[in-house]
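Peer 1: The structure that follows is given in the form of structure tokens.
The values are calculated or read from the model by the stated rules, or taken from the named source; none is laboratory data. Please read all numbers here as calculations on a predicted model, not as lab measurements. Heads up, the Cβs are rebuilt from the backbone with ideal geometry, glycines too, and the neighbour counts pull from every protein chain shown. Each accessible area value is taken on the protein alone, full model and side chains, heavy atoms only, with ligands, DNA and RNA left out. Shrake-Rupley method; radii C 1.70, N 1.55, O 1.52, S 1.80 Å.
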Amino acid sequence: MLNKLNRKKTIYIASCLSIFLLIYVLNHFTLYTSDDYAYHFIYQDSMPTGNEQSIRNLIDLITSQVTHWRVWNGRFTAHSIVQTFMQFHKEYFNVLNSIIFLMLIILSDKLSSRMMKEERKPFDSIYIVFLFLMFWWFLPEIGKTVLWVSGSGNYLWTGVIDLLWIYLFINFTISKKWSVLTVPLAFFMGAGNENTSPAMILLGGLFLFYFFIKEKKLPITKVLELISAAFGFVLMLSSPGSQKRGGGYPILPNLKNNILSLIQRSWDRYSFLYVLLIVLFVIAILARYLKKEHFISLVFLLTAHFACIFSLVASREWPPRIFFGASVLLCIAVIVIAKVVFENNEWIKKIAIIAILVLSVKFGFSYKNVVKDNYETYTYVEKQYNDIYKAIEEHQTSVTLKRFPKPQHLYNAYLGTANLNDKSDAWFNQWMAVYFGIDKIESVSSEE
């Protein structure tokens, strides 16, 4: 029995290390792009003012976030993370960001078990590998939401904060002493982003209401957490910058079309997961594996998932990355019902393991193409950096860089993000020049 446990533990650790290394390679081959350069400095405006200062301490960071909240948008949790990393060498981000991606998977696994209120056998690798494969294919625009520094701060890191908070929140036996940490955590979770944060608040509220119905008591610390989270969300949403840039959008005239469009987009994006969830749910019902706690957790997760999506009716645009939270919640729901079936039926579990192995082979081909694409872009951007350093060494005040060819995959952070323009007064060129301390950056096509 001990040898079997040690073997499972070894496989589990090897799976975690493999996931870390796979994402680390992609992080390593992703340098800075778009807003990253601007977030190295205390935020003053969307364009350089000529008086840029890097962030040196906590006061500078707070000052920057207050201005950013007033001028641009209210996601101070995400942009505090981004601005902190932009003060250090990129390698620190590469390592920690890879760990955070692994944490997203581990927390999703543990959260699904906690929602089921069941202790399962430790070190079961099937679920973290399953989650990794689902995240690989169903997280939107991994290049922008996981690998890009600014995007990762807004989606991956806030996603981990979301899961950590809800994981602690639904533990109703946790000591009140933890509220010193959980109440501030709830506040920063609430200020994560405009659609996932309220969905997580709703999810927490549903679990708290269910606990109240069952136990006839209401933990004051949990109520304080929800209030704190709501306050963080309202503070983020009330950002004058966000109101100015997104205000004036007529919701009611576009309501019907937006709802229909979101239904279509949800089906296009998640049809495979929806069908898989329904099939597993039917098996669980027919075989009588499904317990009340499992059903409640599924209903709450799917309610939060759809809330994450349909709250977008109030938005004027829907970039794919805004579906990040909805994707995570749906994957957790799939894992919940998968555990219900697999842990009660060894035969189905063995079939699932074979299917996961086959999908892992398919992933290998996908990953190979992604690495190739990201590496090609990386070599161009690294060459740009070297040309800038060479120009500075030679005391030149301007430099002309070659732009990279258009990337091929959404796993590449440079596909769809702002980058070098042929005009030196373009906002990206200006911020890149300020970041490297050179007067002017121009660019030409990679074919010139």
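Peer 1: For the chain, what is the charge dipole size about the Cα centre, in debye to the nearest 20, if Lys and Arg each add +1 at the Cβ and Asp and Glu each add -1 at the Cβ?
Peer 2: Details: 43 positive and 32 negative charges, 447 e Å.
Here the chain has a charge dipole of around 2140 debye.
Peer 1: Here are labelled values, (i) 45; (ii) 35; (iii) 40, and one is the computed percent of Cα pairs over 33 Å apart for what I pasted. Which one?
Peer 2: (iii)
Peer 1: Follow-up. For Ser443, which sequence-distant residues (separation of 5 or more, or a different chain) have an amide H within less than 5 Å of its own amide H, given hydrogens modelled in the peptide plane?
Peer 2: Leu401
Peer 1: Using the Cα gyration tensor of the stretch 220-379, with a ≥ b ≥ c the square roots of its eigenvalues, what is the shape: rounded (a/c below 1.5), prolate (a/b larger than b/c) or oblate (neither)? If you can, show how the numbers build up before the last one.
Peer 2: Values: a/c = 1.98, a/b = 1.32, b/c = 1.50.
Since a/c reaches 1.5 but b/c is at least a/b, the shape of the stretch 220-379 is classed as oblate.
Peer 1: Using only Cα atoms, locate the centre of the stretch 314-367 and the centre of the stretch 378-419, then give the distance between them in Å, rounded to an integer.
Peer 2: Here the two parts' Cα centres lie 36 Å apart.
Peer 1: Return one number: the angle in degrees, 0 to 90 and rounded to the nearest 10, between the long axis of the Cα atoms of helix 76-85 and the longest principal axis of the Cα atoms of the chain.
Peer 2: Computed tilt is about 60 degrees.
Peer 1: Which whole-number value in Å² is the accessible area per residue of the chain, probe 1.4 Å?
Peer 2: Values: 21380 Å² over 448 residues.
Heavy-atom SASA per residue in the chain reads 48 Å².
Peer 1: What list of ³J(HN,Hα) values in whole Hz, one per residue of the stretch 206-213 in order, does the Karplus curve 6.51 cos²θ - 1.76 cosθ + 1.60 (θ = phi - 60°) give from phi, with Gly and Pro shown as x?
Peer 2: Once θ is set to phi - 60°, the couplings for the stretch 206-213 become 5, 5, 5, 5, 5, 4, 5, 4 Hz.
Peer 1: Enumerate the calculated ³J(HN,Hα) couplings along the stretch 156-172 in order (Karplus 6.51 cos²θ - 1.76 cosθ + 1.60, θ = phi - 60°), each rounded to whole Hz, writing x wherever the residue is Gly or Pro.
Peer 2: Along the stretch 156-172, the couplings run 5, 5, 5, x, 5, 4, 4, 5, 5, 5, 5, 4, 6, 5, 7, 8, 7 Hz.
Peer 1: In the stretch 277-312, which residues have a backbone nitrogen under 14 Å from the label point lying 7 Å from Ser261's Cα in the Cα-to-Cβ direction?
Peer 2: Residues 310-312 qualify, since their backbone N sits under 14 Å from the label point.
Peer 1: So if I take the alpha carbon set of the stretch 344-448, get Rg, then get Rh from the Kirkwood formula, what is the Rg over Rh ratio?
Peer 2: My calculation of the ratio gives 1.28.
Peer 1: Give, in nm to one decimal, the length gained when the segment between Ala418 and Phe123 is fully stretched (0.36 nm per residue of separation minus the Cα-Cα distance). Intermediate results must be reported in sequence, preceding the final value.
Peer 2: Details: separation 295, 0.36 × 295 = 106.20 nm, distance 4.21 nm.
Here the answer is 102.0 nm.
Peer 1: Which whole-Hz couplings ³J(HN,Hα) result when phi for each residue of the stretch 56-63 is put into the Karplus expression 6.51 cos²θ - 1.76 cosθ + 1.60, θ = phi - 60°, listed in order with x for Gly and Pro?
Peer 2: These are the phi-based 3J(HN,Hα) values: 10, 7, 5, 4, 4, 5, 5, 4 Hz.
Peer 1: What order do you get for 124-130, 376-382, 364-370, 138-144 when each peptide is scored by the mean count of other beta carbon atoms within 10 Å, highest first? Before the final figure, lay out the partial values.
Peer 2: On the way: 124-130: 20.6, 376-382: 17.3, 364-370: 14.0, 138-144: 23.9.
Order by mean packing, descending: 138-144, 124-130, 376-382, 364-370.
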